[in-house]
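> This is the structure I have questions about; it appears just below.
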Amino acid sequence: MSEQQVNESELIAYIQEKTGADEAGIKIVLKHEQAFIDAEAKKPGDTIEVDSDELVDYVMSRKDVKLNELEVENVLDAEMAYLIDKGLAGYED
């Protein structure tokens, strides 16, 4: 898949609409999600596999995350829905 840029403000607005979370909380979750994915990308292989439970646990373990676990899950689910709608991500069976 080619590297395409995500419009961050559009993504955040989409997540806010779907979840009701505030912008600051969303940005923190996305920041920690990116750190988790970057660590996964260093592992051998052509694809990055992300276990959603591990990702949520990682984000929840960060001290600056003020959202509860359900809110974090909702933010990540909304982000994935946005990326799938834009053709930038997908699920592997």
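The values are calculated or read from the model by the stated rules, or taken from the named source; none is laboratory data. Here the structure is a predicted model, which means the values were calculated and not measured. Here the Cβ positions follow ideal geometry from the backbone for every residue, glycine too, while neighbour counts run over all protein chains shown. Side chains included, ligands, DNA and RNA excluded: accessible areas come from the protein's heavy atoms. Shrake-Rupley method; radii C 1.70, N 1.55, O 1.52, S 1.80 Å.
> Are any residues in region 67-93 free of Cβ contacts under 8 Å to residues at least 40 places away in the same chain, open to solvent by less than 60 Å² (accessible area, probe 1.4 Å) and closer than 14 Å to Val29 by Cβ, and if so, which ones?
Result: Met80, single match.
> Given the options Lys43, Lys27, name the one that is open to solvent by 80 Å² or more (accessible area, probe 1.4 Å) and part of a helix (DSSP H, G or I). Please lay out each step first, then the result.
Details: Lys43 fails: part of a helix (DSSP H, G or I).
On inspection, the qualifying residue turns out to be Lys27.
> Out of Asp64, Asp38, Asp22, Asp57, which single residue is surrounded by fewer than 19 Cβ atoms within 10 Å (Cβ to Cβ) and modelled with pLDDT under 95?
Result of the check over Asp64, Asp38, Asp22, Asp57: Asp38.
> Considering only residues that are of a type in the set (Val, Ile, Thr) and assigned to a loop (DSSP other than H, G, I, E, B), which ones fall in region 52-93? Spell out how you get there, then give the answer.
Initial filter on region 52-93 (of a type in the set (Val, Ile, Thr)): 56, 59, 65, 72, 75, 84.
If the condition is that a residue be of a type in the set (Val, Ile, Thr) and assigned to a loop (DSSP other than H, G, I, E, B), then Val65 is the only one that fits.
> When you check Asp51 against the structure, is it open to solvent by 50 Å² or more (accessible area, probe 1.4 Å), more than 18 Å from Ile84 (Cα to Cα) and not polar (S, T, N, Q), yes or no?
Numbers: open to solvent by 50 Å² or more (accessible area, probe 1.4 Å): yes; more than 18 Å from Ile84 (Cα to Cα): no; not polar (S, T, N, Q): yes.
Here the answer is no, as Asp51 does not meet what is asked.
> Name the single residue, out of those in region 1-19 being free of Cβ contacts under 8 Å to residues at least 40 places away in the same chain and of a type in the set (S, T, N, Q), that is surrounded by the fewest Cβ atoms within 10 Å (Cβ to Cβ).
Checking each candidate, the answer is Ser2.
> If you don't mind, another one. Tally the residues that are among the small types (Gly, Ala, Ser) and in contact with a helix residue (DSSP H, G or I) (Cβ under 8 Å, 6 or more places away or on another chain), restricting the search to region 41-81.
Filtering region 41-81 down to residues among the small types (Gly, Ala, Ser) leaves 41, 45, 52, 61, 78, 81.
From the residues that got through so far, the ones that are in contact with a helix residue (DSSP H, G or I) (Cβ under 8 Å, 6 or more places away or on another chain) too are 52, 78, 81.
Total meeting the criteria: 3.
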